[in-house]
Amino acid sequence: YLVEPLRSSIVVEKYSGTVGGSDNTRNLVSSTMAAFTHCVLDKTACQLVFTDLQGSYHYAKPGEPRQLILFDPMTHSMSGNTGVGDHGPAGIQDTVDNHKCSMACRSMDLASMAFLKMTFKA
């Protein structure tokens, strides 16, 4: 609710849902969002993941490049206590099972999804 008055566009770009996979083949931004999700999984050893990534483009000042303002992300954590919508280990497992690596994932040298699937302990 704090971001709403600042958004200059009502058009929302969805990059991932709360559960399930994401379409990261549309463009570079989608690919980057998928890589962000993968990076958080990797760097937290599957203890936390950001999902439900969405945003709107915003022009800060006339003539300046537009900015993507992300809002209302969800998290899933092993403790299941990060807020409403935290599906706990089941939410993390869903992301591990459904993530499809993008070109950005591969360029960041992240742990493979096969490795994360093998080591994840729900």
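The values are calculated or read from the model by the stated rules, or taken from the named source; none is laboratory data. Bear in mind the structure is a predicted one, so any value in this text is a computation, not a measurement. Backbone-built Cβ (ideal geometry, glycine too); neighbour counts: all protein chains shown.
What the table shows:
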item: Matching entry among Q54, Q67, Q93 (being under 17 Å from V29 (Cβ atoms) and either in contact with a Leu (Cβ under 8 Å, 6 or more places away or on another chain) or surrounded by 15 or more Cβ atoms within 10 Å (Cβ to Cβ) (or both)); result: Q54
item: Single condition V29 does not satisfy, out of (1) surrounded by fewer than 19 Cβ atoms within 10 Å (Cβ to Cβ); (2) over 22 Å from I10 (Cα atoms); (3) among the β-branched types (V, I, T); result: (2)
item: Matching entry among V40, V29, V49 (being over 19 Å from A111 (Cα atoms) and among the aliphatic types (A, V, I, L, M)); result: V29
item: So L2, is it closer than 21 Å to D109 by Cβ and either at pLDDT below 85 or not aromatic (F, W, Y) (or both); result: no
item: Test: residue in the range 38-54 that is at positive phi and touching a Phe, Trp or Tyr at 6+ places or on another chain (Cβ under 8 Å); result: yes
item: Any hit, the range 40-49, residues being part of a loop (DSSP other than H, G, I, E, B), of a type outside the set (D, E, K, R), surrounded by fewer than 15 Cβ atoms within 10 Å (Cβ to Cβ) and more than 10 Å from the chain's Cα centre (by Cα); result: yes
